Amino acid sequence: MTRRTVRIAVNGVTGRMGYRQHLVRSLLAIREQGGLDLGGGDVLWPEPVLVGRREYALREIADRHDLSEVATDLDAVLADDSIDIYFDAQVTSARVEALKKAIAAGKHLYTEKPTATDVAGALELARLAQDKGVKHGVVQDKLFLPGLLKLKRLVDGGFFGDILTVRGEFGYWVFEGDWQDAQRPSWNYRAEAGGGITIDMFPHWEYVLHELFGRVTSVNAHITTHIPQRWDERGKQYAVTADDAAYGIFQLEGGVIAQINSSWAVRVNRDELVEFQVDGTHGSAVAGLRNCRVQHRAATPKPVWNPDVPLTESFRDQWQEIPDNAEFDNGFKAQWELFLRHVALDEPYHWDLLAGARGVQLAELGLRSSAQGRRLSVPKLSL
């Protein structure tokens, strides 16, 4: 067996997503399983180089996980010919400049979304990477969640008949930070730092809708800030400049209508933090992060509207749980493995910077739709 080492500059590892999902549950998990089996006796071994601004924080993480290399000089890291891949999980406002540097240095790159704060910047990154000939990928983790994998199984198997509508509910109450600490960093609520729920979540909804049901062709959105004042990590009050709720209606190629609500100011009254209900002529499904329930037309009850008598049936009990029928790995890890195979073996991979640009485009048009109070077409992007 031959072990091939791939050195990965991981920028933003001190943040929640960079540390928990990408370092611990993806790259280190791949190492714990003995590396990534490439077949033919070859194993790919990821070697993270932790990059950030605070050396003490990087060193603490490195020591905790028995890693040897940390760096605070991104330019020096990118100038190192032994670095194969640059990964970015920084705040959105810092991402474009770093990705441009990585492309110019000839590094393959993998990045969190959104790739930029506007579609022009996102398309520029895609063109630069294409011209440079580097491989590139964008995190689209929700496609690899067990609940959505089960939902895709239903779509591919023709369970729904003609799909009519998709309804999504996402969100939870993020504490304001005064009497209880907020669960999200304060930059998420500052537009000048790339914050806002629209730029955060509409890219997710774009790829979920695109991959499962069809390309988004129009958007009609209402975007707002429900809570105008919050308290940051130091307990200092600040004015919220970014949106914390986005309500969107999307028309898809083929005529499917999708409606998705996203909010950081909603208390959860559903089984999971995100749920999608899909209704078709032959059946319906409700999918969350892990679970998926269905109701076929042959098993659909006949409710009758009568507000004058007590309800005698439990509607939730009338749905059937879809079995796992497979072992589901962490979604971030699963996509990392596909990208690493793309780099090592040139296997096909389509979750690239152009796909990332589509997500930024939908967020940009959603914000514009809300500001103008009208439905906007979503042009097809190309390089």
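The values are calculated or read from the model by the stated rules, or taken from the named source; none is laboratory data. This is a predicted model, so every value here is computed, not measured. We place every Cβ from the backbone using ideal geometry, glycine too, and count neighbours over all the protein chains shown.
For the stretch 343-371, how many residues meet the condition of being assigned to a helix (DSSP H, G or I) and under 30 Å from ASP118 (Cα atoms)?
20
Could you count how many residues in the stretch 19-43 are under 17 Å from the mean Cα position of the chain (by Cα) and under 18 Å from ASP66 (Cβ atoms)?
The qualifying residues number 6.
From the list GLY158, GLY147, GLY168, which one is assigned by TED's automatic domain parsing to the domain that holds THR241, at pLDDT 95 or above and either over 19 Å from the mean Cα position of the chain (by Cα) or basic (Lys, Arg) (or both)?
GLY158
Given the condition touching an Asp or Glu at 6+ places or on another chain (Cβ under 9 Å), in a strand (DSSP E or B), modelled with pLDDT of 95 or more and more than 13 Å from GLY171 (Cβ to Cβ), answer yes or no: does some residue in the stretch 243-253 qualify?
yes
Looking at (1) in a helix (DSSP H, G or I); (2) under 30 Å from ALA265 (Cα atoms); (3) among the polar types (S, T, N, Q), which is the only condition GLN130 fails?
Every listed condition holds for GLN130 apart from (2).
Within the stretch 220-256, how many residues are buried (at least 16 other Cβ atoms within 10 Å of the Cβ) and farther than 22 Å from GLY196 by Cβ?
Final tally of qualifying residues: 3.
Give me the strands (runs of 3 or more DSSP E) completely within the stretch 265-342, filtered to those with at least 1 residues that are under 17 Å from the mean Cα position of the chain (by Cα) and more than 30 Å from VAL240 (Cα to Cα), ordered by residue number.
Correct list: 283-287.
Confirm whether ASP271 is without any contact (Cβ under 8 Å) to a residue 40 or more places away in the chain and out of contact with any Asp or Glu (no Cβ under 7 Å at 6 or more places or on another chain).
Considered against the rule, which asks whether it is without any contact (Cβ under 8 Å) to a residue 40 or more places away in the chain and out of contact with any Asp or Glu (no Cβ under 7 Å at 6 or more places or on another chain), ASP271 comes out as yes.
For the stretch 275-306: of the residues being within 20 Å of ALA326 (Cβ to Cβ) and of a type in the set (D, E, K, R), which is surrounded by the most Cβ atoms within 10 Å (Cβ to Cβ)?
ARG293
Considering each residue of the stretch 154-175, count those that are under 30 Å from TRP231 (Cβ atoms) and of a type in the set (D, E, K, R), and give that number.
So the count comes out to 1.
Kindly indicate which of ARG53, ARG95 is over 14 Å from ILE8 (Cβ atoms) and crowded, with 22+ Cβ neighbours inside 10 Å.
ARG95
I need the full set of residues from the stretch 39-60 which are assigned to a helix (DSSP H, G or I) and either under 18 Å from LEU340 (Cβ atoms) or of a type in the set (A, V, I, L, M, F, W, C) (or both), in order please.
Within the stretch 39-60, ALA57, LEU58 qualify.
Per-residue answers, yes or no, for (1) exposed (fewer than 10 other Cβ atoms within 10 Å of the Cβ); (2) farther than 23 Å from SER262 by Cα; (3) not assigned by TED's automatic domain parsing to the domain that holds GLN295:
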| position | (1), (2), (3) |
| --- | --- |
| PHE315 | no, yes, no |
| ASP324 | no, yes, no |
| GLU337 | no, yes, yes |
| VAL343 | no, yes, yes |
| LEU354 | no, yes, yes |
| LEU367 | no, no, no |
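Give the residue, chosen from ALA98, ALA94, that is closer than 22 Å to ASP352 by Cα, aliphatic (A, V, I, L, M), at pLDDT below 95 and assigned to a helix (DSSP H, G or I).
ALA94
Of everything in the stretch 197-219 that's crowded, with 18+ Cβ neighbours inside 10 Å and in a strand (DSSP E or B), which residue is farthest from the chain's Cα centre (by Cα)?
VAL219
Of everything in the stretch 122-134 that's crowded, with 17+ Cβ neighbours inside 10 Å and in contact (Cβ under 8 Å) with a residue 60 or more places away in the chain, which residue is farthest from MET201 (Cα to Cα)?
Among them, the one singled out is ALA129.
Within the bounds of the stretch 297-317, is there any residue that is polar (S, T, N, Q) and under 30 Å from GLY41 (Cβ atoms)?
no
Is it true that ARG316 is among the basic types (Lys, Arg) and without any contact (Cβ under 8 Å) to a residue 24 or more places away in the chain?
yes
Which of the residues that make up the stretch 138-157 are in a helix (DSSP H, G or I) and among the β-branched types (Val, Ile, Thr)?
Matches in the stretch 138-157: VAL155 only.
Identify all residues within the stretch 77-93 that are touching a residue at least 60 places away in the same chain (Cβ under 8 Å) and not charged (D, E, K, R); write none if there are none.
If the condition is that a residue be touching a residue at least 60 places away in the same chain (Cβ under 8 Å) and not charged (D, E, K, R), then VAL77, LEU78, SER82, ILE83, ILE85, TYR86, PHE87, ALA89, GLN90, VAL91, THR92, SER93 are the ones that fit.
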